[in-house]
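The values are calculated or read from the model by the stated rules, or taken from the named source; none is laboratory data. Computed from a predicted structure; not experimentally measured. Don't worry about glycine lacking a Cβ; one is built from the backbone with ideal geometry, like all the others, and counts go over all protein chains shown.
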Amino acid sequence: MNDDHRHPFRKAHADIETAREVPDTPQTRAPAYRLAFADDNFLCRDELRPVRLQLELLKPQMVMEERGIESTVVLFGGARIPAPDKRDTARSTALADLSCYYDEARKLAQLITRKSLDSYGREWVICTGGGPGVMEAGNRGADDVGGHSIGLNIVLPHEQAPNEWVTPDLCFNFHYFAIRKMHFLMRARAVCVFPGGFGTMDETFEALTLIQTGRMERVPFLLFGRAFWEKIINWEALAEAGTISSEDLKLFRFVETAEEAMEAIETWPGAGEKRGGDSGAVRGG
């Protein structure tokens, strides 16, 4: 990240280095003496949570602004879905059968990234959760055609490293799910959801809720695999019960292939219109 601001004050980095060279005394060893912004124990206190939330929001925002990234296409989907050539590693036959969506995510990322390259990589940038499975397929597809892509990783108890196809200086790590999900949607010009588990469901329903309630613009919202989604969620029953309206069922479309998804994105009402302001798809940011 650039730090090229010109001002007459001494840089914070310089004082961090100077503080390391002070004489070793009981006073300088005391936690109270540490510079506040260089003290991990202090920054991790419960009282500093609002500061940490702000930092997690600011760091990716500043980096992406410096890279000139203006809009993204978000790919959500299961981390456990294997590539077709690794079907035999799947924990179940049903999961192995979903490997076709790895290929579709990779193809879609290739198509979207070719479109992105027309804007010199500023618009329509592929954005995934940075992990394995469908996420890997999305970053891999962007890399296949010479583009860059974003990975929004998160620290988990079962540590997962970013997949190898995320563009290194667009690979971010989060502590807070809420801030990570905000970054997924802040620049989204389309959301493409592949079969997945709890995490995918969480991301899907948060985004749909934001669109339903007018807190987010109505962007192309595509669910890959009608058979999967209709088996998991009885959408019609929600409308029949009145817990959602029949109009809410028009907030998304089912697609099966990358080509079908591209057509849906390009023919979606309002497709091609550039949003105003700097808050992206999420309103009131």
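If you take the residues in the stretch 72-104 that are touching a residue at least 60 places away in the same chain (Cβ under 8 Å) and in a loop (DSSP other than H, G, I, E, B), which one is farthest from the chain's Cα centre (by Cα)?
Initial filter on the stretch 72-104 (touching a residue at least 60 places away in the same chain (Cβ under 8 Å)): 72-81, 98, 101, 104.
If we keep only those that are in a loop (DSSP other than H, G, I, E, B) as well, we get 77-81, 98.
Details: Gly77: 11, Gly78: 13, Ala79: 14, Arg80: 17, Ile81: 18, Leu98: 22 Å.
Filtering first and then ranking leaves Leu98.
Could you pull out the residue among Pro23, Pro50 that is exposed (fewer than 11 other Cβ atoms within 10 Å of the Cβ), at pLDDT 95 or above and not assigned by TED's automatic domain parsing to the domain that holds Leu208? Walk me through how you get there before you give the answer.
On the way: Pro23 fails: at pLDDT 95 or above.
One residue alone meets the criteria, Pro50.
Those residues that are touching a residue at least 24 places away in the same chain (Cβ under 8 Å) and either acidic (Asp, Glu) or part of a helix (DSSP H, G or I) (or both), I need them from the stretch 165-176; list them, please.
Listed by number, the residues that qualify are Asp169, Leu170.
Can you find a residue in the stretch 69-76 that is assigned by TED's automatic domain parsing to the domain that holds Lys181, polar (S, T, N, Q) and surrounded by 11 or more Cβ atoms within 10 Å (Cβ to Cβ)?
Let us first name the residues in the stretch 69-76 that are assigned by TED's automatic domain parsing to the domain that holds Lys181, namely 69-76.
Then drop every residue that is not polar (S, T, N, Q), which leaves 71-72.
Next cut, surrounded by 11 or more Cβ atoms within 10 Å (Cβ to Cβ) only: 71-72.
Yes, there is a match, as at least one residue in the stretch 69-76 is assigned by TED's automatic domain parsing to the domain that holds Lys181, polar (S, T, N, Q) and surrounded by 11 or more Cβ atoms within 10 Å (Cβ to Cβ).
Being part of a helix (DSSP H, G or I), touching a Gly at 6+ places or on another chain (Cβ under 8 Å) and farther than 23 Å from Ile81 by Cα narrows it down to one residue among Glu236, Glu247, Glu266, Glu240; which is it? Show your work before the answer.
Working: Glu236 fails: touching a Gly at 6+ places or on another chain (Cβ under 8 Å); Glu247 fails: touching a Gly at 6+ places or on another chain (Cβ under 8 Å); Glu240 fails: touching a Gly at 6+ places or on another chain (Cβ under 8 Å).
Being part of a helix (DSSP H, G or I), touching a Gly at 6+ places or on another chain (Cβ under 8 Å) and farther than 23 Å from Ile81 by Cα holds for just one of Glu236, Glu247, Glu266, Glu240, which is Glu266.
For the stretch 41-64, which positions are over 15 Å from Phe184 (Cα atoms), assigned to a helix (DSSP H, G or I) and without any contact (Cβ under 8 Å) to a residue 12 or more places away in the chain?
Asn41, Phe42, Leu43, Asp46, Glu47, Leu48, Arg49, Pro50, Val51, Gln54, Leu55
For every residue, the table says whether it meets (1) closer than 26 Å to Ile179 by Cα; (2) modelled with pLDDT of 95 or more.
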position	(1), (2)
Ile81	yes, yes
Ser92	no, no
Tyr102	no, yes
Gln110	no, yes
Gly121	yes, no
Val134	yes, yes
His148	yes, yes
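Looking only at residues that are basic (Lys, Arg) and free of Cβ contacts under 8 Å to residues at least 40 places away in the same chain in the stretch 196-231, which one is surrounded by the most Cβ atoms within 10 Å (Cβ to Cβ)?
First, pick out the residues of the stretch 196-231 that are basic (Lys, Arg): 215, 218, 226, 231.
From what is left, the residues that are free of Cβ contacts under 8 Å to residues at least 40 places away in the same chain are 226, 231.
Working: Arg226: 12, Lys231: 10.
For the stretch 196-231, the residue satisfying everything is Arg226.
If I ask for residues that are among the β-branched types (Val, Ile, Thr) and closer than 21 Å to Val193 by Cα, which ones from the stretch 124-166 would you list?
Residues of the stretch 124-166 that are among the β-branched types (Val, Ile, Thr), as a first pass: 125-126, 128, 134, 145, 150, 154-155, 166.
Val125, Ile126, Thr128, Val134, Ile150, Ile154, Val166 - these are the residues of the stretch 124-166 that are among the β-branched types (Val, Ile, Thr) and closer than 21 Å to Val193 by Cα.
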